[in-house]
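Each value in this text was obtained by applying a stated rule to the coordinates, not by laboratory testing. Everything quoted here is computed from the prediction, not taken from an experiment. Reconstructed Cβ throughout: ideal geometry from the backbone, glycine too, with neighbour counts over all protein chains shown.
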Protein chains: 2
Amino acid sequence: MSENANDPRIVRTMHMLREALLELMEEHGFERITVKDITSKAGLNRGTFYLHYADKFDLLERITEDMMQGLRQIAQTFDPLDLVMHESRDTPFPFTVRLFEYFGEHARFFSVMLGPKGDPAFSVKFKEFMQVHLMDKFNEFHHSEDRVPVPWDYLMAYLISAHLGIVQYWLEQGRDYTPWDMALMFTRMTQLSPIQSAGLKK
Amino acid sequence: MSENANDPRIVRTMHMLREALLELMEEHGFERITVKDITSKAGLNRGTFYLHYADKFDLLERITEDMMQGLRQIAQTFDPLDLVMHESRDTPFPFTVRLFEYFGEHARFFSVMLGPKGDPAFSVKFKEFMQVHLMDKFNEFHHSEDRVPVPWDYLMAYLISAHLGIVQYWLEQGRDYTPWDMALMFTRMTQLSPIQSAGLKK
DNA sequence: ATCATTAATCAACACGAAGTTTATTTTAGG
DNA sequence: CCTAAAATAAACTTCGTGTTGATTAATGAT
């Protein structure tokens with residue numbers, strides 16, 4: 001054989017461990033979970049766990065890294081032309097729609113990780129992602145430092161956290177709107193409020 | 001003696017355990033901390049811990065409850081007249097100033113708990129507090145359901161999370177503005193952006 | 001200053017999970 | 001069918017937990 005990551009047994013085992021962890025996190029939160037819990041929920045031997053992961057932290061990190069990778073991949077497809085195309089119309093960025101679709105596809109992960117049983121460090125990662133891929137696109141508008149009612153960095157913190165809150169709430173509500181609706185909310189909120197807070201427009 | 005909570009030994013011990021926990025959380029996060037760590041950092045016998053708390057979760061809950069109690073006490077002093085008084089002027093609510101002073105007084109706690117090593121469940125508690133004591137005051141403006149660009153509950157989630165983000169960022173930055181400045185930021189942000197997002201004003 | 005009360009310390013204990021190791025069984029694929 | 005590697009099984013050490021009983025130290029009232 002000699003193959004490693006392609007072995008169907010490994011793929012299957014890792015998948016079951018990941019699913020088991022997320023299910024347990026939903027119930028008890030990461031803190032209360034033991035490796036024993038994970039493997040018994042996955043129907044695997046406890047020793048098998050250590051064949052693939054160092055500990056439960058390692059397992060969570062691997063899952064997280066995969067999800068962030070997925071987000072970065074979507075971010076690559078971002079077209080700067082969209083900024084111009086959708087500036088004045090009341091339509092969402094296709095890029096943002098795609099993001100919400102991704103959240104929906106991996107709803108359990110994002111729901112747990114961004115929820116009350118989740119990992120606050122992940123929220124930070126997530127915010128950094130939004131800073132780079134959503135906010136920095138708008139920073140072209142930011143040139144003059146004078147006469148702004150609110151410091152620029154605080155406005156950024158405000159907006160990023162606000163957007164995170166929207167995603168969290170959407171997941172909590174069981175995704176009661178479509179990704180398209182949500183992306184449109186994003187667009188509207190970033191176009192109506194923040195620009196005025198920054199003092200760039202009446 | 002027969003006194004209980006007044007005994008200076010108890011007060012001293014509990015205080016040292018609380019301080020030790022917060023220091024350790026800053027370093028390693030709650031998850032990695034053991035009761036052994038806490039007591040040895042506090043310079044106390046491990047058995048002493050169990051004289052006062054059931055486990056490390058219990059300890060954290062007690063601290064948290066005390067802090068929330070402090071917040072609720074401040075919230076009681078809120079004067080509805082402030083809403084009218086400060087509506088059009090560019091001045092912060094005294095109530096909000098007082099809140100930021102409180103965050104500053106207990107900066108270590110809030111900084112840790114709302115930070116990447118903190119407890120996401122606390123952020124939820126904190127949001128609930130803001131919902132009740134900040135947002136619900138403004139809900140008078142909300143009467144007509146039709147023709148709003150963004151659903152009301154999503155706007156609330158947006159605003160609350162945004163405000164939380166401001167507090168978090170302020171603590172991260174080492175409180176580089178005064179509580180007065182911060183409260184003014186709150187006032188400006190809630191007055192400039194959200195009302196327009198709600199479609200109540202051009 | 002003395003003394004009864006109670007907190008804090010110390011040592012020992014059983015228990016459970018962690019992480020490792022070795023031998024054995026099962027499974028995938030040439 | 002047969003080989004390589006993954007999964008299982010069982011044993012083992014280590015470590016933290018939560019508890020208990022005996023001892024020492026401190027507090028506050030007399």
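Here are the numbers for the structure shown:
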quantity	calculated
Odd one out for A:PRO92, checked against (1) assigned to a helix (DSSP H, G or I); (2) more than 16 Å from DNA strand D (Cβ to nearest atom); (3) surrounded by 13 or more Cβ atoms within 10 Å (Cβ to Cβ)	(1)
Test: residue in the range A:101-110 that is in a helix (DSSP H, G or I) and over 12 Å from the mean Cα position of the chain (by Cα)	no
Meets criteria (closer than 26 Å to B:ARG188 by Cβ, more than 14 Å from chain A (Cβ to nearest Cβ) and more than 16 Å from DNA strand D (Cβ to nearest atom)) for B:ARG98	yes
